[in-house]
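Derivation of every value follows stated rules applied to the coordinates shown; laboratory data play no part. Remember, it's a predicted structure, so these values are computed and weren't measured experimentally. In this analysis, Cβ positions are derived from the backbone assuming ideal geometry, glycine residues included, and neighbour counts consider all displayed protein chains.
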Amino acid sequence: MVPADQGGGVMRTDLLTDPIAGLDEALAAVDAFDDVLVAGLLRPQKIAGLTELADAVAGSPLAARVAEAAEKTAAGAAGEEHFVSLAAARAAVCGSVHDAVLARIGEATGRPSDEEADRQPSETETPNLLAAARSWLSDLARAGWQGIDHDLISASAPVISALLAEPGLRRLAVLLDGFAAELAASCPGAALERVPVRRWGDLWSRGMLLTLPGVAATPATGTVTGRLLPLGVDLLEHATAAQAQVHAVLEPEDGTAPRLVRASVTVPKPDTIIGAGIWQLLRPHLSLLAAVSEGRSMDLVDMPVTAEGDLLWQDEHARLGEPADAFSTARVVLPKAVTSAVAPLDRHPVRIAVPVFLEGYGVEGDEEALSFTFAGNRLSVEVDRIPVAGPLTPKAIATSSACIGLIRWDGEFRLQPLAVETTVRKKTTAVHAGAWAGGTEDKAGVKAEKAATDAAAVLRERAGRLLRK
């Protein structure tokens, strides 16, 4: 049991260790179908995988279509429409896992959630481009992961280029671009020692569904006015891109229930900019990062927001507010915050990241494999997700007494810390993963930023030379 607010509520951490009925069976059906994709759908060798997927959705509106698709595919006579049905069935099963996991987290936290989010119809009128993308994905499924080669993967290049030119299709274009790059780096498939079966199955099925007109509809948007109370920052880094996602609680001006929201910024980056230097790329695009570093709230006026709780950040709709301690927010306001609904296409367990507050726990393990314990229950801590671009370390987590984090699920519930309270020189001190987001006077942070500034200066100088030539 972990105190959830100062009114005496509790978070049921024991529920995060209890098994969820039906989850293993649902994931087994997904795995069985993914095994079929390894060898390909042209002449499937593991027909049982198709049957398992069809059986998993037998009680749903998809039943007849998926049963037909499984039969046609097993006979080697499936068309693109049948592959779409199989992709939809796989996504539906993953969605059911997502819903079950999210419902369990809701039970554990006791927080209310919104109804399903509205979507706005897509205005994209490019059926030929969608058909071309669907055709390539179908060829990919026929060949299977063991059958990919450079000719098959390179056939996606003109399709992706055309998709990137259409703003309304950018979501599909980026997915296919990254997917094709992964596949190209793995060619030939026949020589692969290890296939990322679940990941490629996820990307393939999501891509197939995005080729259907209207599926990529944008979330309905509105505006919000009120006080934004940051909880923490999740920093994601790739060789060529970086993203910061600020998790926060919004207290609406009209006095309605507080609401969990997110604000994100993604930027391209050179692979030489790493660590704390990434903040230099992100800061100009999201003033909220400064508020996180300074421990301040932000006052929002008519800030655009989606029905799914994503703030479409515009600086002109925000101004720096009063000091706001993240741990006070987590103790007092977070337990009452409403969780936003999730769009149907985004219902996948890998996307789950729910802010929670924990205290009164024990710590087991070392700095490479930590777990929080609660009355015999254990919650694994994802130390590998802690960014190096901040002062939060496994050591600080291991000696902490309270934690703000994100509950994730990957076969089991896991915790990604965003901030902890720990004792430094007999004084309780808050340590945040995003403490350097808006700038810092911390010696380690200053040193890291200087190194990044020097690297950026060298890159600009080299780019200038090339342009002059």
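Evaluating 6.51 cos²θ - 1.76 cosθ + 1.60 at θ = phi - 60° for every residue in the stretch 406-414, the Karplus couplings come out as 10, 7, 10, 9, 9, x, 8, 6, 9 Hz, glycine and proline recorded as x.
In the stretch 221-336, one over the average inverse separation of all distinct C-alpha pairs is 14.5 Å, which is the Kirkwood hydrodynamic radius.
Both the radius of gyration and Dmax for the chain are 23.6, 71 Å, in that order, over alpha-carbon atoms.
Ordering V195, V388, T373 by Cα displacement along the dipole of the chain toward the positive end leaves V388 in first place; charges were set at the Cβ atoms of Lys, Arg (+1) and Asp, Glu (-1).
If you wrap the Cα atoms of the stretch 19-110 in a convex hull and average its projected area over all directions, you get 6.1 nm². Dipole check for the stretch 19-110: with +1 at the C-beta of Lys and Arg, -1 at the C-beta of Asp and Glu, and the Cα centre as origin, the magnitude is about 160 Debye. Fewest neighbouring Cβ atoms within 10 Å first, the residues H432, H150, H348 line up as H150, H348, H432.
A Förster radius of 30 Å combined with the Cβ-Cβ distance from T225 to R171 puts the calculated FRET efficiency at roughly 0.55. The order of K427, K336, going from fewest to most other C-beta atoms within 10 Å of their C-beta, is K427, K336. Maximal additional length on extending the D24-S161 stretch stands at 45.4 nm, based on 0.36 nm per residue less the C-alpha distance.
Along each principal axis, taking the top coordinate minus the bottom one, the Cα set of the stretch 120-200 gives 43, 22, 19 Å in descending order. Working note: Karplus 6.51/-1.76/1.60 with θ = phi - 60° gives the stretch 192-208 the couplings 5, 7, 9, 9, x, 4, 5, 5, 5, x, 4, 5, 5, 5, 5, x, 4 Hz, where Gly and Pro are set to x. The H on the amide N of L231, modeled in the peptide plane, is under 5 Å from the matching H of H247, A248, V249, each at least 5 residues off or on a different chain. Near the amide H of V342, within less than 5 Å, lie the amide hydrogens of A117, all on another chain or at least 5 residues away, with H placed in the peptide plane. With axes computed from alpha carbons, what is the tilt in degrees of helix 80-109 against the longest principal axis of the chain, rounded to the nearest 10 within 0 to 90? Around 30 degrees separate the two axes. The alpha carbons of the stretch 344-432 occupy a box of 49, 33, 22 Å along the principal axes, longest dimension given first.
Each residue, A185 and K46, gets one label point 7 Å from its Cα in the Cβ direction; the gap between the two is 2.5 nm. For the stretch 390-400, the Karplus equation 6.51 cos²θ - 1.76 cosθ + 1.60, evaluated at θ = phi - 60°, returns couplings of x, x, 5, 10, x, 5, 5, 5, 5, 10, 7 Hz by residue, with Gly and Pro reported as x. In whole percents, the pair-distance distribution calculated for the stretch 122-277 from its alpha-carbon pairs, binned every 10 Å from zero, is 9, 28, 29, 23, 9, 2, 0. To the nearest ten degrees, helix 63-74 and the longest principal axis of the Cα atoms of the chain are 60 degrees apart.
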